[in-house]
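Below is one structure; the comments refer to it alone.
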Amino acid sequence: MDHQHLAQRAAVALLMAAALLHAQVNTPVQAHDIPNEIILHGFVKPEGDRLHFITRVPLIMLASMNLAKRGPGYLDLARIHDPLNLAAAAVAKEIALFESGTRLNPVRMQGRIAQPSDSSFESYAQARASIAGPRLPENTNVFWNQGYFDAHLEYPIRSDRSDFSLDMKLAPGLSGRLKMMVRFMPPEGATRAYELHGGFGLVALDPRWHQAAWVFVKSGYAHILDGIDHLLFLLCLVIPFRRRWWDLLKVVTAFTVAHSITLIASAYGMVPVGEWFPPLVEVLIALSIIYMALENIFGANLRRRWFITGVFGLVHGFGFSFALKQELQFAGDHHLLSLLSFNIGVELGQILVLVLVIPVLGLLFRHLVAERLGTVILSVLVAHTGWHWMLERAERLQHVGWPTPDAASVATLARGVLLLLLAIGAAWLIARQLRRRFTVQKPIGDRDVV
Amino acid sequence: MKVPSKVIQWKILRYVCAGALFAAFSAALLQSPLDKAVASPTAGNVAPKYKVDTTWPKRLPNNWLMGQVAGIAVDRDDNIWIVQRPRSLTSDEAGATGALPGTDTDAFGNPRPAGPLADCCYPAPSILKFDKKGNLLRAWGGPATGFQDPAWQWPENNCIAPACEWPVNEHGIYVDHNDFVYMAGNNGGATDFDAQVLKFSADGTFLLQIGDHAVNTNGSNDTNSCQGGTTPCLGRPADMEVDPETNELYIADGYLNHRIVVVDADTGAYKRHWGAYGQNPVDDAAANAMGPNNNPAPGTDPELFAPPHYRTPVHAVRITNDGLVYVADRVNNRVQVFDKNTVGVPCTPTGPGTCGFVAEKFVERDTLGPGSVWDLDTSPDKRQSLLFIPDGTNQYIWTLLRPSLHILARFGGNGRNAGQFHWVHNLALDSHGTIYTAEVDTGKRAQKFKPVGMRSDDDDDNNDRDDDN
């Protein structure tokens, strides 16, 4: 097989494997299938005037290269040296590295085959030494789709303190099924770990504060607009407050402060780790929507709504934290800033929704339906949706393993109660101070009950 | 009487503060013993507690149904592999199978004069791979062409005779450190008995056969009489495991032979073998006379019954990180432990305590019938401090402290509900300590048990520790 032909095959090999993976999504299992999940590994280490990229690619990704085989399907290790160099070039093409926005090109490439049991990628030093070390004996039985292709690529750089970024172009849209675990090792500071897939685009490996902040403002904004359950809760909140801006500000602030508390607490690991927790939070979010809708229907003391909103806000904050979990890897050194930026994004999204929804409600109540009747109709619709969500989520909750009431779970529960009580106490004190400072403009009478 | 609102507010504040203090105190008080228990799973010789996960595995695709599950293994990525017996399904369990063209029976010989009996089911392929959530990831293998029907949607069969002889009765599975899959067969009978171990790639490509079907030359002392003189002949092998340090395959051999035999995992070439107490030779009249389910003579004291030979089946073998080999001598109700580096060499002088033998442990020693020690696996901690043994006669999983072979606890019990067992045949643990079990006879299922903290005497209603005996 001539080199040009092999080069073409190498270039398309990775994409072919991805295409096969894509095709397999909804088909029954087959004998020669592509595994359910393909994980690549990589170390990125700037060192002096060189950037070292060491990567491990499962052999199944090279399936279309049709590497030489012997016996029932073992790789013919004596006859695959040249194709492996071409495979390294294909990797460099699909996983692009940048220095201050300029794409880098490798000047040196080295590749080898590793057995599935090879554990050298547990550290950069081991991985680098392994690739530079002796190749596997040629009589080693490596089955053609079991094992790894390891490559070491070297890129010339201007400085090892430049801004480096990585763009994994491989198989966008297959997040969760094809991903790459990247560890960036800057000359100073801690190693950063990333879990990337083709959909992330350009990822700054050591982000500046403004890069991290911008990423998380966008993320928070996208999440609130994408989270229909949070939006419905917000809708229920604001229906009765349409023209009472001071009370509206109070409930929205209570929601914001509460979800910020639990979001930040989650990011710092102060939440239960059991598999029961996320579905429980999802059920509680649905329950919060139902409660708020029922309160709108049957009437409630709106003066106290900020308090119950705060309690439900704590629950919604946990919900936000699940969305944020995978993205916190892009925070770099700016963990707290990124969390606050995510909150700002959420608030911007909320404000946008309020700005759109309140005038629409005004028009609705003025021209189509009386305010009280309209409030009831909207709330019934929302409660109905929330009810179905709650049933669906409760069914999922039934299938998770619950912790047994041992010392561990009692301690966790006690910590949770402690946090909750502290939050409630703090909120109560703040509210008390606020009430003292700002006198209420008008007495709240029966008409506050809708 | 109207109470001033300020008084109420201060009362609330007091309750909140008291609650917070109490919660903080509880958390601090409970933190310390909890951390200790997590750090050392065997602290105070307390066994982990397990809870069945009824969501695992999920429903199979293609209208497939599992038969007897005669082997289970966890690979290096914590995926779960089982070997099951499609031909163990009853006619009504495989009710969707229709008559083969020109016949009035289905591929397994079930009568189908008027077509399929019901909507469900087709037999599943023999080898099934699941993830820890219970999704089926791979399926391949099964009785050779001629036993299948295209309607079942089985993947292409890569085991083609005469090079690859699929066993009549599948038994035991193992996935090694390089993702190669091994399975055995234990069918009995004079002319059609299984005597082979097969090696496949993870995708089901046939790679190697050790032994020839229905050939048992030289019994338990054969070296390289099969596969044209390149591998030992086997005798209804049951189980196997690869030593990653040496790439040697240890075979529990088996229902006919009375030995552990070690071969090269790449070529199948004979390396060494041994029997009970590391003795060699291992076939003798007493051993041959006492096969499976043949109980000791009436009047024999079960507490003293310790034959110098393995009784068939030699049912499982496991290698630990500290260089020990554990052998399940099923019907003798015992596990024997050997030093990997010294066992299997010619044994001189003969007698217990020599030839690599380290220790033995009887479990529920008065058990009759098929015996109490069916399989073995260890906890995933670095020291592999616990040893788990499925007991398909008493229907428990026994938990032993591995260094002392001290029995800590048991769980399960006879029954057909989730978490109970009928003929629990094998088990395997993943890297998180989750236990997966396999059941044969009319059990026909695999179950998952998740660790949920440590046992206490309060929930030990069916405990049977050595301390209590």
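The values are calculated or read from the model by the stated rules, or taken from the named source; none is laboratory data. Here the structure is a predicted model, which means the values were calculated and not measured. All Cβ positions, glycine included, derive from the backbone under ideal geometry; neighbour counts span all protein chains shown. The accessibility values were calculated without ligands, DNA or RNA, using every heavy atom of the protein model including side chains. Shrake-Rupley method; radii C 1.70, N 1.55, O 1.52, S 1.80 Å.
Remarks
- Residue within segment A:311-323 that is more than 20 Å from A:Leu232 (Cβ to Cβ) and surrounded by fewer than 20 Cβ atoms within 10 Å (Cβ to Cβ) present: no
- Residue list for segment B:47-85, restricted to those being over 21 Å from B:Gly172 (Cα atoms) and more than 13 Å from chain A (Cβ to nearest Cβ): B:Ala47
- Each residue in segment B:227-273 was checked for being hydrophobic (A, V, I, L, M, F, W, C), modelled with pLDDT of 95 or more and in a loop (DSSP other than H, G, I, E, B), and 5 pass.
- Yes/no for B:Glu303 being farther than 30 Å from B:Phe206 by Cβ and loosely packed, with under 15 Cβ neighbours inside 10 Å: yes
- Comparison of B:Val69, B:Val16 shows that the only residue that is at pLDDT 95 or above, more than 20 Å from B:Pro451 (Cα to Cα) and not charged (D, E, K, R) is B:Val69.
- Given (1) within 21 Å of B:Val335 (Cα to Cα); (2) touching a strand residue (DSSP E or B) at 6+ places or on another chain (Cβ under 7 Å); (3) not hydroxyl-bearing (Ser, Thr, Tyr), index of the condition B:Val197 fails: (1)
- Search result, residues across segment A:397-445 that are part of a loop (DSSP other than H, G, I, E, B) and either modelled with pLDDT of 65 or more or within 11 Å of another protein chain (Cβ to nearest Cβ) (or both): A:His399, A:Val400, A:Gly401, A:Trp402, A:Pro403, A:Thr404, A:Pro405, A:Asp406
- When A:Pro46, A:Pro83 are checked against the criterion of being over 30 Å from B:Asp266 (Cα atoms), modelled with pLDDT of 85 or more, open to solvent by less than 20 Å² (accessible area, probe 1.4 Å) and over 25 Å from the mean Cα position of the chain (by Cα), a single residue qualifies: A:Pro46.
- Each residue in segment A:351-384 was checked for being in contact (Cβ under 8 Å) with a residue 12 or more places away in the chain and basic (Lys, Arg), and 1 of them qualify.
- Condition met for A:Leu136 (touching a residue at least 24 places away in the same chain (Cβ under 8 Å), among the aliphatic types (A, V, I, L, M) and away from chain B (no Cβ under 14 Å)): no
- Filtered residues of segment A:86-104 (kept if open to solvent by 20 Å² or more (accessible area, probe 1.4 Å), at pLDDT 95 or above and either of a type in the set (Phe, Trp, Tyr) or assigned to a loop (DSSP other than H, G, I, E, B) (or both)): A:Phe98
- Among the conditions (1) modelled with pLDDT under 80; (2) open to solvent by 40 Å² or more (accessible area, probe 1.4 Å), A:Ala370 misses just one, which is (1).
- Scan of segment A:49-80 for residues that are open to solvent by 20 Å² or more (accessible area, probe 1.4 Å), away from chain B (no Cβ under 14 Å) and part of a loop (DSSP other than H, G, I, E, B), ordered by number: A:Asp49, A:Asn66, A:Ala68, A:Asp76
- Here A:Trp306 fulfils each of the conditions (1) within 25 Å of the chain's Cα centre (by Cα); (2) crowded, with 18+ Cβ neighbours inside 10 Å apart from (1).
- The lone exception for B:Gln196 - which of (1) more than 16 Å from B:Val263 (Cα to Cα); (2) more than 9 Å from chain A (Cβ to nearest Cβ) it fails: (1)
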